[in-house]
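The values are calculated or read from the model by the stated rules, or taken from the named source; none is laboratory data. Only a predicted model underlies this, so the values are computations on that prediction, with no experimental measurement involved. Note that each Cβ is placed from the backbone with ideal geometry, even for glycine, and that neighbours are counted across all protein chains shown.
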Amino acid sequence: MNSKEHFDKWGWISFLSFIAESKVFDRYNGKNSIDNAKEANLYQVLIYASEKKDNETMIANYYKSLNK
Amino acid sequence: MLFTFEGNTYNYPSTLAEMSLRQRIDFQQTYGAELEAKRIEIAEMPDGDLKENELEYWGVLLAVKTFSFLTGIPFEKASKEISLYDIMDIYYDHMATLFAEPTGKPKNEFTWNGVLWELCNPIMTHDNKITFNEFLLGKEVMRQMLALGKGKWDAMPYLCAIYLRPKGEQFEEAKVNERLEMMLDLPMDIALQVGFFLTSLMTVYSKAFQSFRTAATAPAA
C-alpha cells in the first residue's frame, strides 16, 4: 500500500494522530491526548496543522538549498 | 395536496416542509439511483435523434415514478391507468421543485417539533465553535458510506444528527446515535439547509486540509 492509499483509508485517523502526538491541545483534565484533540476547536486545529506543515516545508526547502 | 383516482383520495407532499428526509432516502433507494444511472448513460450517448428520444422518455419516466412514489399509487397502475397529461401536470406544478436544488439565503436556525434547532456558522473564524471531533465524525461518516457503496442521502441522517442541535447545546458524540431515528423525520426544507451548511463547511476545510494532505503524502526528499 502506497502513502496515498494509506491516507485514503486512514486519512482522518492519521490526521487525528498527527494532532494528538503534538500534545499542543493537551489539558490537565485527566483525558488522553486523542480525546483532548477531539474536543479542541476545529479552527485552531487546522491553523496549527497548516502552520506546522508550512514550517516543515520551509525548513526542508532550506536544507535542499544547502545541497545545491 | 390531494389527488382523487377511482374514488380514492391520495395525499402527496407539494412543499419541502411536507416531505421528510426518510421519504427522500426511500425515493433514492426505490427509483433515484436507477434514474441517475440512466441519465448518465444517456448523457454519454452521441448527440442525435436517438439521444433526444431517450432523454424525453427519461423525463416521462422520472415524472411517473415520482408521481407513483409520492402518491403511493403503484407504478404499473399509474403508468397504465392514469392520464399521462394529468401526471405531467401534477409533477411539474407540485413535485419537480421537491427535488430541485434550493435557492435563497441559507438559514442557521429552525423550529422543529417545538424546539429551536441550530446549525453552526460554517465560516472559518477564530470564534467558530465547531470542534475537531464534529468535523472528523462528519468526514468519517461520508468515507464509510462511500466505502459501503451508499450515497449522500444515506449519510444525511448521521450528518444532521452531528451538526443540527437544539440551540445552545454543546456537541456530544453519544447523542448522534440517539437522534438518528428522529432525524429520519426531519422535514426536507431543514435537511437541505444542513446540506447547504455542509457544502460550505467542507469547501472551506478541505482547502485548509489539502496542504496537510499534500505534505503528508509527498515523497520524502
I'd like the full set of residues that are among the acidic types (Asp, Glu) and closer than 15 Å to B:THR131 by Cβ, limited to the stretch A:27-53.
A:ASP35, A:GLU39
Take the residues in the stretch B:4-20 that are of a type outside the set (S, T, N, Q) and in contact with an Asp or Glu (Cβ under 7 Å, 6 or more places away or on another chain), then tell me which one is nearest to B:PRO74 (Cα to Cα).
B:LEU16
Helices (runs of 4 or more DSSP H) within the stretch B:1-72 that include 3 or more residues hydroxyl-bearing (Ser, Thr, Tyr)
B:49-71
The lone condition B:GLU109 fails out of (1) touching a residue at least 40 places away in the same chain (Cβ under 8 Å); (2) closer than 14 Å to B:MET188 by Cβ is (2)
Looking at this structure, is B:LYS129 more than 13 Å from chain A (Cβ to nearest Cβ), among the basic types (Lys, Arg) and in a loop (DSSP other than H, G, I, E, B)?
no
When you go through A:GLU56, A:GLU21 one by one, which is the residue that is within 10 Å of another protein chain (Cβ to nearest Cβ) and either out of contact with any Ser or Thr (no Cβ under 9 Å at 6 or more places or on another chain) or farther than 19 Å from B:GLU134 by Cβ (or both)?
A:GLU56
Can you find a residue that is part of a helix (DSSP H, G or I), more than 11 Å from chain A (Cβ to nearest Cβ), over 18 Å from A:GLU39 (Cα atoms) and among the aromatic types (Phe, Trp, Tyr) anywhere in the stretch B:135-156?
yes
Under the condition of being over 25 Å from the mean Cα position of the chain (by Cα) and surrounded by 12 or more Cβ atoms within 10 Å (Cβ to Cβ), which residue from the stretch B:4-49 is farthest from B:ASP185 (Cα to Cα)?
B:MET45
Looking at the stretch B:91-99, can you tell me whether even one residue there is touching a Pro at 6+ places or on another chain (Cβ under 7 Å), at pLDDT below 95 and buried (at least 16 other Cβ atoms within 10 Å of the Cβ)?
yes
Of the residues that make up the stretch B:69-91, is at least one within 13 Å of another protein chain (Cβ to nearest Cβ) and free of Cβ contacts under 8 Å to residues at least 24 places away in the same chain?
no
Any residue in the stretch B:136-147 that is surrounded by fewer than 12 Cβ atoms within 10 Å (Cβ to Cβ), out of contact with any helix residue (DSSP H, G or I) (no Cβ under 6 Å at 6 or more places or on another chain) and not basic (Lys, Arg)?
yes
Residues in the stretch A:25-38 that are surrounded by 13 or more Cβ atoms within 10 Å (Cβ to Cβ) and free of Cβ contacts under 8 Å to residues at least 12 places away in the same chain: how many?
3
In the stretch A:31-53, how many residues are in contact with a helix residue (DSSP H, G or I) (Cβ under 6 Å, 6 or more places away or on another chain) and facing chain B (nearest Cβ under 8 Å)?
9
Looking at the structure I just gave you, is B:GLU172 within 14 Å of chain A (Cβ to nearest Cβ) and of a type in the set (Asp, Glu)?
yes
